[in-house]
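The structure appears right after this line, and notes come after that.
The values are calculated or read from the model by the stated rules, or taken from the named source; none is laboratory data. Just so we're clear, the structure is a prediction, and the values are computed from it rather than from any experiment. Virtual Cβ from ideal backbone geometry, glycine too; neighbours counted across all protein chains shown.
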Amino acid sequence: MQSRTLPYLLTLPSLFLAAIVIFWPVWDLIQISTHDVNRFGQLREFSGLANFTELFADPDFIAALWRTGLWTVLVVGGALLLSVPVAMILNMDFYGRGLARVIIMLPWAVSLTMTAVVWRWALSGESGMLNSALMKLGLISQNIQWLASAETAFPMQVLIGILVTVPFTTTIFLGGLSSIPDDLYEAAALEGATHFQQFREITFPLLKPFINIAIVLNTIYVFNSFPIIWVMTQGGPANSTDILVTHLYKLAFRIGKLGEASAVSLVMFAILLVFTMIYVRLAMREQRA
Amino acid sequence: MSLAKWTVGLLAGMSMLAFAAPADAGEVRVTVAEYSAKTGPYFEAVKKEFEAANPGITIKYEVVPWDVLLQKLTTDITAGTNADLSIIGTRWLIDFVQQGVAEPLDGYIKPEFKDRFIDTFLSPSIMDGHTYGLPIAASARAMYYNKELFEKAGIAKPPATWTELQEDARKIKAQGAFGFGLQGKEIETDVYYYYAMWSQGTEILNKDGTSGLGTPGALEAAKLYKSMIDEGLTEPGVTSNNREDVQNLFKQGKVGMMITAPFLSNQIKEEAPSLKYGVAAIPAGPTGARGTYGVTDSIIMFKNSKNKDEAWKLLDFLFTKEQRAKFTQGEGFLPVNKEEAKMDYYVNNADLAAFTALLPDARFAPVIPGWEEIAQITSDAMQKIYLGGDPEAGLKDAAAKANGVLKK
């Protein structure tokens, strides 16, 4: 009897803490998003789902929704593809490995906003470093206006997103790689397995749980990532690089529609919750099988 | 041992934070917008002088960058932790008044005090006959031109009309510089478009209260800017240049003309002292109509302030001639105080004279709820047009959206 209630009792304090930190703000958001609310967050009458219907009738919101999906897939996918080889190289024993690891981790140590500010300068059309470098290399004959339109701005933002996501992802993979015993590779090599076969049959399967963790954590993080896009283009020109969180910020703090902004926030929360639940479910089933 | 010390220190720090929150009697908290690196030091000097003259009153500042000011005020007011006084954009004032956040100052204002102000700048802070704010900063826009580039291109004087401006821009382009600096990103992208629109005799709001964006004048103005972009008379990549970016190009001598605020003169003095430039009126349209943008920022008192009398004392002090002169000259704003405006500094300053001469043509942001949203709609529409979109369709769409906001 005692042994059955004890676990619950023991988790109760942390559950209580989680409730304060998570459920209370969500409850607050639900309140704001279902009411008519002034720009200072003071609630007026109950308005049901009016804020949500308004939101889904707004083409800018729908566009931002799709773009957020694209942004997340590209950044998370790109970071994963890049991080696996990087982690494998850093896991090998070579001279100067310590230094190489530090260099790869460096972007992580710099604040995201600062990284974005530096890139904004670097991508400036007339006085940016990237243009003058490309010019000196003879690759372009005319300055490219990187941030002037979404066609060039958004791909650059994705690339920077990948760059700042790689260190964290690599760290996870390095941890995974160091947990794979060397004898497996020795045995495989004895049997005549090529490097690619070793990767496919040993490294990849054993790294899979770590890849899953990297996907879930990065998706949550990138989906909500604000600084890169905000600093470089503020979601512009004409909302063409907006993702949900920059759209939310404009709604709330530029235009003062706190009700709709809270609705965006809840939609984002729901998307991430559903994604995480489905993904964890699938990943766990796979691991059990 | 050392870990325990750490923990104790941390806990002590946290508890101090927790207990420091309630305001003391006689403490005046002020949210200050950071206009430049000089803003913080100026207000610190005010604190020293004021506290020495008024024992028992202490001042506490929160200096916030402009970009996040509205966000900070919104969250502070929502949480009920706002200061006693705050600087706000006067265009936000209507929201503060309608939601009952701003305290009317009529009870404190004596005729002598009111008489200190130049009416043009005080009137935007008056709503329904009540004064809700005092103009802490005032500014207008005029056209800067690069005298050296003008000379090289063989242009004798700054353009008086937009047609002349186009011709001059062509000549400057032939010299390898950018003719006209056009701002296409972030704050005041919409305002940069209004300069051309006002010169067509079109206002932001028509007489019947609908949006002016749907009128032929608005279309002419958009077509003018678009044709200049297409002809290569502006800097390339208009939509990637905010106000500071265009100003930087001007300081580097790469741009022939641009429209901006008086503070550029101060920046040039410090960063590019060898640049030869002049300040002229904003070009007029075919009928001679022209308009500049007038802006004031107001300092307001919050209704829930517990130390209103003390806060008023500070306001009274801030709006004396000496204090005003120090602040205005440091930041590069226009004088709002009548006596201050008579000082030699302003009377003998050719740059500032060009700005004050434009004041009769100044338009202030319309006092309507939802103004920020309409400004955003206009900026978005202009960005689309600058990127190659059809002006007619873009403006029609924007006008419909703006009218939707106006109807609410």
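Given the options B:263, B:178, name the one that is aromatic (Phe, Trp, Tyr), within 14 Å of another protein chain (Cβ to nearest Cβ) and on the phi < 0 side of the Ramachandran plot.
B:178
With respect to the numbered conditions (1) exposed (fewer than 14 other Cβ atoms within 10 Å of the Cβ); (2) within 14 Å of another protein chain (Cβ to nearest Cβ), which one is the sole condition not fulfilled by residue A:122?
All conditions are met except number (1).
Which of the residues spanning region A:49-104 are of a type in the set (A, V, I, L, M, F, W, C) and in contact with a Leu (Cβ under 8 Å, 6 or more places away or on another chain)?
Passing the criteria: A:61, A:64, A:65, A:84, A:87, A:88, A:90, A:100, A:104.
Consider region B:214-237. How many of its residues are in contact with a Lys or Arg (Cβ under 8 Å, 6 or more places away or on another chain) and closer than 27 Å to residue B:370 by Cβ?
The total comes to 1.
Would you say residue B:249 is touching a helix residue (DSSP H, G or I) at 6+ places or on another chain (Cβ under 7 Å) and over 24 Å from residue B:137 (Cα atoms)?
Here the answer is no, as residue B:249 does not meet what is asked.
Kindly list the number of the only condition in (1) in contact with a helix residue (DSSP H, G or I) (Cβ under 7 Å, 6 or more places away or on another chain); (2) within 14 Å of another protein chain (Cβ to nearest Cβ); (3) buried (at least 16 other Cβ atoms within 10 Å of the Cβ); (4) under 19 Å from residue B:387 (Cβ atoms) that fails for residue B:255.
So the condition that residue B:255 fails would be (4).
Out of contact with any helix residue (DSSP H, G or I) (no Cβ under 7 Å at 6 or more places or on another chain) and on the phi < 0 side of the Ramachandran plot: which single residue out of B:359, B:334, B:352, B:315 fits that description?
B:315
Among the residues of region A:81-104, is there at least one that is closer than 30 Å to residue A:266 by Cα, in a helix (DSSP H, G or I) and of a type in the set (D, E, K, R)?
No, every residue in region A:81-104 fails to be closer than 30 Å to residue A:266 by Cα, in a helix (DSSP H, G or I) and of a type in the set (D, E, K, R).
Check every one of the helices (runs of 4 or more DSSP H) wholly within region A:208-289 and list those with 1 or more residues that are within 15 Å of the chain's Cα centre (by Cα) and within 14 Å of chain B (Cβ to nearest Cβ).
Helices (runs of 4 or more DSSP H) meeting the threshold: A:227-233, A:244-249.
Go through (1) within 15 Å of residue B:309 (Cα to Cα); (2) out of contact with any Lys or Arg (no Cβ under 9 Å at 6 or more places or on another chain) one by one and return the number of the condition residue B:85 breaks.
Unmet condition: (2).
Quick grid of which residues meet (1) crowded, with 18+ Cβ neighbours inside 10 Å; (2) among the β-branched types (Val, Ile, Thr); (3) more than 25 Å from the chain's Cα centre (by Cα); (4) within 30 Å of residue B:399 (Cα to Cα):
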site: B:185; (1), (2), (3), (4): yes, no, no, yes
site: B:189; (1), (2), (3), (4): yes, yes, no, yes
site: B:202; (1), (2), (3), (4): yes, yes, no, yes
site: B:216; (1), (2), (3), (4): no, no, yes, yes
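Enumerate the helices (runs of 4 or more DSSP H) found wholly within region B:345-408, keeping only those where 1 or more residues are buried (at least 20 other Cβ atoms within 10 Å of the Cβ) and at pLDDT below 95.
Correct list: B:350-358, B:371-386.
Please verify whether region B:295-304 includes one or more residues that are at pLDDT 90 or above, aromatic (Phe, Trp, Tyr) and crowded, with 22+ Cβ neighbours inside 10 Å.
Among the residues of region B:295-304, at least one is at pLDDT 90 or above, aromatic (Phe, Trp, Tyr) and crowded, with 22+ Cβ neighbours inside 10 Å, which makes the answer yes.
Kindly check whether there is at least one residue in region B:224-234 that is among the basic types (Lys, Arg), more than 22 Å from the chain's Cα centre (by Cα), more than 30 Å from residue B:30 (Cβ to Cβ) and not in a loop (DSSP other than H, G, I, E, B).
Checked region B:224-234: at least one residue is among the basic types (Lys, Arg), more than 22 Å from the chain's Cα centre (by Cα), more than 30 Å from residue B:30 (Cβ to Cβ) and not in a loop (DSSP other than H, G, I, E, B).
Given the condition free of Cβ contacts under 8 Å to residues at least 24 places away in the same chain, farther than 30 Å from residue B:79 by Cα, part of a helix (DSSP H, G or I) and within 14 Å of chain B (Cβ to nearest Cβ), answer yes or no: does some residue in region A:9-24 qualify?
no
Enumerate the pairs (first residue in region A:146-166 and within 11 Å of residue A:235 (Cα to Cα) and free of Cβ contacts under 8 Å to residues at least 60 places away in the same chain; second residue anywhere and of a type in the set (A, V, I, L, M, F, W, C) and surrounded by 21 or more Cβ atoms within 10 Å (Cβ to Cβ)) with beta-carbon separation below 6 Å, excluding pairs fewer than 6 apart on the same chain, so at least 6 apart or on different chains.
Sorted first by the residue in region A:146-166, then by its partner, the list stays empty.
Do you know which of the residues in region A:21-40 that are more than 26 Å from the chain's Cα centre (by Cα) and at pLDDT 90 or above is surrounded by the most Cβ atoms within 10 Å (Cβ to Cβ)?
Across region A:21-40, the extreme among qualifying residues is A:32.
Condition check: modelled with pLDDT of 90 or more, more than 23 Å from residue A:250 (Cα to Cα) and either assigned to a helix (DSSP H, G or I) or among the aliphatic types (A, V, I, L, M) (or both). Does residue A:74 satisfy that?
yes
What number of residues within region A:141-176 satisfy the criterion of being assigned to a helix (DSSP H, G or I) and either more than 14 Å from every other protein chain (Cβ to nearest Cβ) or closer than 15 Å to residue A:119 by Cβ (or both)?
25
Would you check which residues across region B:163-189 are farther than 12 Å from residue B:239 by Cα and either part of a helix (DSSP H, G or I) or among the hydroxyl-bearing types (Ser, Thr, Tyr) (or both) and list them?
Listed by number, the residues that qualify are B:163, B:164, B:165, B:166, B:167, B:168, B:169, B:170, B:171, B:172, B:173, B:174.
Against the condition in contact with a strand residue (DSSP E or B) (Cβ under 6 Å, 6 or more places away or on another chain) and not assigned by the TED database to the domain that holds residue B:268, how does residue B:352 come out, does it pass?
No: the conditions fail for residue B:352.
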